Amino acid sequence: MDEHHYLLIIGYLEGKITEEETQYLLQKVQTDKEFSDAFEDIAEIWSAKKAVPNNSSKANEVLARLNKKIDDLEAAVPVSQSRSVKADHQNTIILKLRPILAIAASALILAGAFWLYKAKLNNKPANTLAIVEKHTAPGEKKKINLPDGTAVTLNASSSLRIANSFGDDKREVYLDGEAFFDVKRNPQKPFIVHTGKIATQVLGTHFNVSAYQNDSNITVSLVQGKVQVDMNNDPSKRIILDPGKQMTYSKTDHQAHVSDFMTEDITGWKENKLVFNYDSWPDAAKKLSRWYGVPVQLKDTTLLRCKLKGTFDNIPLAKVMEQIRIVADVSWQMQGNKMIISGKCN
């Protein structure tokens, strides 16, 4: 459970959250089984009125207030009723309130754990408190040195998040976009790159990951060493790559296949080489847009069947398009800041 939910539960318990937030919290209890089960378990502790297992004065104050509220509910049952009727009425009240009581009990336990967690965090160096995030704009590339000595080259329109627990027992990062990793070897602390439902784990190696959100595939290409690729946390689908092999995972059908690749085709971007390796025109348009920071639109549907191959070594967009025009039956023009490409396959 993250910090947001800790604070939300505490706020609910103390009556300091909005109606919208209350509805969100109650809906989560009803729809998230794991979340609800945790609440149910802790509700048993609350219903027995056991002390919160920490020394937080705030938690114990809240517990006292809750106990008083239940005592008030029990006292509200008419004395004239028989013992059995009174007991049934009390049970009915408790059953009706069960989801709320469960949340309250959880809040007490989790609040204490959260306050303890925050206290421990405050004893750590300041730079471990937040997740570090690096971004690149369209047309920009950036080299990043991680605390363990790993070097990352981030391609255009990409972001890399470094977990705040990086280096504790493992080294985890989260990638949206494309990056080349030169991982510092450390057998005791695996290096893991998360990209959606794909987790690529290594000890020390050189590899490229392409995982843009608006691309239909995620590709992991191994240059040196060995990597383990897991899909959807399913060990039966695990793939081990050798150098010169790449795994392509389809976001559409959730299938993966392994193939050979030429290193320059995949990693040429690090040397400012724009490489098209029989790319479809829709994929080529995305690559042009990221590379030069210009929106690209395909005007003719016939281009959807075309493939483009070529390498362009650090030259302006206009020269790239002129060279493409020579070998392909296409034309292009700028409309404001947008490039329009039209034509048909040769």
*asked:* Being surrounded by 20 or more Cβ atoms within 10 Å (Cβ to Cβ) and touching a residue at least 12 places away in the same chain (Cβ under 8 Å) narrows it down to one residue among 179, 163, 199; which is it?
replied: 179
_Which numbered condition residue 262 misses (of (1) closer than 21 Å to residue 311 by Cβ; (2) touching an Asp or Glu at 6+ places or on another chain (Cβ under 9 Å); (3) surrounded by fewer than 15 Cβ atoms within 10 Å (Cβ to Cβ))_ = (2)
*Which residues, taken from segment 207-240, are free of Cβ contacts under 8 Å to residues at least 24 places away in the same chain and aliphatic (A, V, I, L, M)?*
239, 240
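Per-residue answers, yes or no, for (1) among the hydrophobic types (A, V, I, L, M, F, W, C); (2) farther than 23 Å from residue 158 by Cβ:
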| position | (1), (2) |
| --- | --- |
| 234 | no, yes |
| 255 | no, yes |
| 271 | no, no |
| 276 | yes, no |
_Candidate set from segment 158-183 (those that are of a type in the set (D, E, K, R) and in contact with a strand residue (DSSP E or B) (Cβ under 8 Å, 6 or more places away or on another chain)); member that is modelled with the lowest pLDDT_ = 170
*With 176, 215, 230 as the choices, which residue is in a loop (DSSP other than H, G, I, E, B) and of a type in the set (Asp, Glu)?*
215
_Flag for residue 81 being more than 30 Å from residue 290 (Cα to Cα), at pLDDT 50 or above, among the polar types (S, T, N, Q) and in a loop (DSSP other than H, G, I, E, B)_ = no
_Answer from 287, 319 - the residue that is over 26 Å from residue 221 (Cβ atoms) and either assigned to a helix (DSSP H, G or I) or modelled with pLDDT under 85 (or both)_ = 319
*Residues of segment 290-316 satisfying the condition of being assigned to a strand (DSSP E or B) and either among the acidic types (Asp, Glu) or in contact with a His (Cβ under 9 Å, 6 or more places away or on another chain) (or both)*: 313
*What about residue 240, is it loosely packed, with under 14 Cβ neighbours inside 10 Å and among the β-branched types (Val, Ile, Thr)?*
yes
*Looking only at segment 245-280, and only at residues there that are of a type in the set (D, E, K, R) and in a strand (DSSP E or B), the one that is modelled with the lowest pLDDT*: 279
*Just name the residue that is nearest to residue 276 (Cα to Cα) out of those in segment 300-346 that are basic (Lys, Arg) and out of contact with any Cys (no Cβ under 9 Å at 6 or more places or on another chain).*
309
*Find all pairs meeting these conditions: Cβ atoms under 6 angstrom apart; at least six residues apart or on different chains; first residue within segment 295-309 and surrounded by 18 or more Cβ atoms within 10 Å (Cβ to Cβ); second residue modelled with pLDDT of 80 or more and of a type in the set (A, V, I, L, M).*
296/285; 296/288; 296/339; 298/285; 298/341; 308/284
*Any chance residue 329 is among the charged types (D, E, K, R) and either closer than 30 Å to residue 199 by Cβ or crowded, with 16+ Cβ neighbours inside 10 Å (or both)*: no
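The values are calculated or read from the model by the stated rules, or taken from the named source; none is laboratory data. These numbers were taken from a predicted model, which means no experiment stands behind them. Counting neighbours? That spans all protein chains shown, and the Cβs are built from the backbone with ideal geometry, glycine included.
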